[in-house]
Structure formats: C-alpha cells, structure tokens
Amino acid sequence: MVYPSSEQHPLFFDTAKKLILVQLIMFGTTSIPPKYSSSAAHKILLQENKEYQTLKSYYSYLDAANILSYVSEHDEIFLQDGNMYLVNKALEAFPRHEVAKIATVYVRLPISRLAGMIHFLALRNKVWSTVEEATLNLIHDMIKRDQIDARVEDVIKDGPTGRFKEKVVVFEPNKKSYGDAHCSRPVHADIIKRESQNMQRLKTYISSITKLQGELQALDQELRRCNAFTSKVCHGDPELRRVPLL
C-alpha cells in the first residue's frame, strides 16, 4: 500500500476496512503489512478501524457467538461504510474456516458430529431441511472447489433399532485445506529451492546496494570538500589565490 503524502486520506481507511474483510473471507484472519511498507499503513491496518479489528479478533479465534452479537450491535457502522455485503460474505465463509481447522485435527468424523461442531452464521441463500444436510452440502462444495482433501463414505452401523447407514467425512492428512490461517500446507523441495534462490538474489542485491551507498557517501564527502574550496576562492582567501589552477 503506497501513500503519496503523510496525510491520512479517508480513502486509505475505506480501503483498509475492505482489505480486512477480504482477508477474513479468504484466509480466516488478516496478515500484517510488509516490513518495509509505509508506517501509515501499519497504523491504519493494525491500530485504527477499532470495529473491524474487534471483528477480526473474534473471527480469527472462530468465536461464532461473539461474531453474531458483535455484527448485530455494529451493523449500522458496517452499513454506513458500505461494507455490509463483505461482512455477510465473511459470515458465509465462516464454517469453511471451521472445517479447515477441524481437518487438521480429525481424520474421520460422522456428518452428525461434524454438524454440531460448525456454525452457519449466514444461511440465507438456501435453507436446508437439517443442519446435517447443510453440512454435507458444504463438505461436497469444498471438495468440488478443491478447498480440502476429503471424501464422504457411507458406513453401515448397528443401532438400537437395527443397522443403519451413516455418512462419514474422511480427511486426508497433511494436504491442502481452505485458507492459510488454521492449517499448514506441505512444503515441497522445489518451493524450498526457489525460496533459497530468491534469498540469495536478495542478499546479492543488498550487497550491491550497500557498496553503492558507500561510494555515494565518498562522493558526497568529495563534493563537500570541493564546495568548501570553491567558497573560499570566491570569498577571496589570500592563501588559496596563490594555488595554481590546472
């Protein structure tokens, strides 16, 4: 994020608010600005926007109860900012981040149990007959979108009234999951090699910059001496008048 002046324009705040919500939708949390970004960007993204920072805190910890009450209490602020659509999209994405976290802990879960572990905060577009049906549809959709590595199996179990069929979600461990906030992705050798090459190029670039900076400092000192010499000549220093000009 680039700031053309030190003045904090309202557009910067509006952009920061939308950025926070988009990151919540995509990753379940927000990332800090790059190390060398503007200090104004750090302040706006990390210190300002109190309502959005509180929402981010609840969202990052997957605190469903507080998220709903907080959005309800501050819906006028989100509406006034023109961000209610993004807030609703974040609520819709919330159970996906819950599933992503669950996938890092469990290997197999019956749909009935999984349905009791996630929260549909914005179930508006389609009304499913049961929470289990909504959960099963969510899992199928995440598999279809390649957001998780999982499969749904039909398992025959014995119950009090006889045998019955139950759907079970089987999560593949150590594979991709939706977002980067609550799960880790596998590290491949080619990624490590590419990052190592990038780091080496960065070190070479920093070394050349450091060398150039030293040369510029030496040149600056030489220019200062020349300016001092010129100033004395122009002001009629008698000692310098006897210096032959080459």
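The values are calculated or read from the model by the stated rules, or taken from the named source; none is laboratory data. Only a predicted model underlies this, so the values are computations on that prediction, with no experimental measurement involved. Positions of Cβ are generated from backbone atoms using ideal geometry, with glycine treated the same way; all protein chains shown enter the neighbour counts.
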Output for Cβ contacts, cut-off 6 Å, separation at least six or different chains, first residue in contact (Cβ under 8 Å) with a residue 12 or more places away in the chain in the range 55-77, second of a type in the set (D, E, K, R), reads L62/E98; H74/E51; I77/E51
E73 vs (1) modelled with pLDDT of 90 or more; (2) under 24 Å from Q147 (Cβ atoms): all pass except (2)
Those residues of the range 95-113 which are basic (K, R) and out of contact with any strand residue (DSSP E or B) (no Cβ under 7 Å at 6 or more places or on another chain) amount to R96, K101, R113
Of the residues in the range 150-165, those that are modelled with pLDDT of 90 or more and surrounded by fewer than 17 Cβ atoms within 10 Å (Cβ to Cβ) come to R151, V152, E153
